[in-house]
Ligand SMILES: Nc1ncnc2c1ncn2[C@@H]1O[C@H](COP(=O)(O)OP(=O)(O)OP(=O)(O)O)[C@@H](O)[C@H]1O
Ligand SMILES: [Mg+2]
């Protein structure tokens, strides 16, 4: 990801999100800056803080979508959270520091996956040997070799040769899947952790840190012998060898470095913790509390996780919110200052809707075509029909609530309701949606305010 240029990042985002160029450019620059920072001489590197971003825009215009696509692109630990899920420290609920703990967990899993990938060939080799040991219990060349030291008679040599050859034969059978129906007995670890539920004020995650680890050292894993088919045995043994080969300390160290240097936290629904001036009593106080708790994390502080202390100085924060009730200026000033970059996403127009319906890789029209293809139904839309749907979407958005591109989902569902229902009974057919069909099915509803308020 970080070797992608801003232009390339925007091009990737363009595959899924229509328009919103300003926001795309801004996140692209922010990502590129992380890579730039790491090329800078070391003494200056620590001084360069990430420039956090707020994306502002009405509902359904692609804020969360940008974050989601960015996450898929990013090869760095990426966490998406909803600001409204957190509560002030001291109250029941998730405290904001848990986002860093979660990010670290994501980092660990990421590094683990990579390590597993690298270790897999070795683990597969070891697992194969172990299966062969089980299949050929008596004449293990390894054991024979030891006795060979004492008496290296010719007989013995021959015996070894035979054993070796048998083993290779079995190896070939194994690799060709000829032994897949055989059953073997393997020993597997069963976790003997007693099932207990513990309620702590911090929820289950605090228990995660302390008690679970403690418990597992009290109750060491028991082993259990099981008879399983060869492929299953192989899979289990590979897994076992993998966890044996994995250097946990190295994983944690790498993950910590990666989280601290390249981690990204996407804070969605930031507006939900901003309090509009009108009501600055009651629950709002707690919202401000959350904001205040956020400050040190965004500014850079040390957060305790079960894998050690994580410094948050260089973690990038991207926030998003509709901000139609509250304004960014309703956030406490310190938070405002920590998000110097603002990207405004624009409301979507008829033209955007046409493109959203057809262009993205996961475009709605494509989705429905594929869904109905499973019923042997070929669905086509004329471009005028698409245009008509876009017009209707815009119209309803203007008259009722503007819910952006989400309106297209409701329109599409309504339009295809009958076809979706009847499709299995129709047999193999081809249906082309024309603008007449669109207006026939939808215009009555759109024209009537009352109906569209409920149905679309
Ligand atoms: N610009 C766009 N291009 C393509 N699809 C879009 C665009 N904007 C929205 N969509 C589609 O609309 C749906 C809702 O978008 P998204 O979740 O990004 O909204 P949002 O801006 O986060 O809104 P909210 O403020 O309600 O959270 C998604 O399924 C997305 O695919
Ligand atoms: Mg959203």
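Points to keep in mind about this one:
- One residue from 55, 26 being within 12 Å of ligand 1 (Cβ to nearest atom) and under 30 Å from residue 406 (Cβ atoms): 55
- Residue in the range 388-399 that is under 26 Å from residue 454 (Cα atoms), surrounded by 17 or more Cβ atoms within 10 Å (Cβ to Cβ) and touching a strand residue (DSSP E or B) at 6+ places or on another chain (Cβ under 6 Å) present: no
- Within the range 401-434, considering residues that are in a loop (DSSP other than H, G, I, E, B) and at pLDDT below 90, the one nearest to the chain's Cα centre (by Cα): 402
- Residue under evaluation residue 361, criteria (1) surrounded by fewer than 14 Cβ atoms within 10 Å (Cβ to Cβ); (2) away from ligand 1 (no atom under 13 Å from the Cβ); (3) at pLDDT 90 or above, criterion not met: (2)
- Test result for residue 442, surrounded by 17 or more Cβ atoms within 10 Å (Cβ to Cβ) and at pLDDT below 90: yes
- Condition check for residue 108: under 22 Å from the mean Cα position of the chain (by Cα) and assigned to a strand (DSSP E or B): no
- Qualifying residue in the range 239-247 (condition: surrounded by fewer than 17 Cβ atoms within 10 Å (Cβ to Cβ) and either within 30 Å of residue 300 (Cβ to Cβ) or within 16 Å of ligand 1 (Cβ to nearest atom) (or both)): yes
- Unique match (being away from ligand 2 (no atom under 16 Å from the Cβ), in contact (Cβ under 8 Å) with a residue 40 or more places away in the chain, over 23 Å from the mean Cα position of the chain (by Cα) and closer than 24 Å to residue 261 by Cβ) among 49, 30: 49
- Residue match in the range 208-228 (condition: in contact with a helix residue (DSSP H, G or I) (Cβ under 7 Å, 6 or more places away or on another chain) and either modelled with pLDDT of 90 or more or outside any strand (DSSP E or B) (or both)): no
- Hits in the range 52-84 - residues which are in a loop (DSSP other than H, G, I, E, B), within 16 Å of ligand 2 (Cβ to nearest atom) and crowded, with 21+ Cβ neighbours inside 10 Å: 57, 60, 61, 62
- Strands (runs of 3 or more DSSP E) enclosed by the range 283-400 - at least 1 residues per element that are more than 29 Å from residue 430 (Cα to Cα) and within 16 Å of ligand 2 (Cβ to nearest atom): 316-321, 341-344
- For the criterion of being surrounded by 22 or more Cβ atoms within 10 Å (Cβ to Cβ) and not in a loop (DSSP other than H, G, I, E, B), residue 27 passes.
The values are calculated or read from the model by the stated rules, or taken from the named source; none is laboratory data. Please read these numbers as outputs of a predicted model, since none were measured by experiment. Note that each Cβ is placed from the backbone with ideal geometry, even for glycine, and that neighbours are counted across all protein chains shown.
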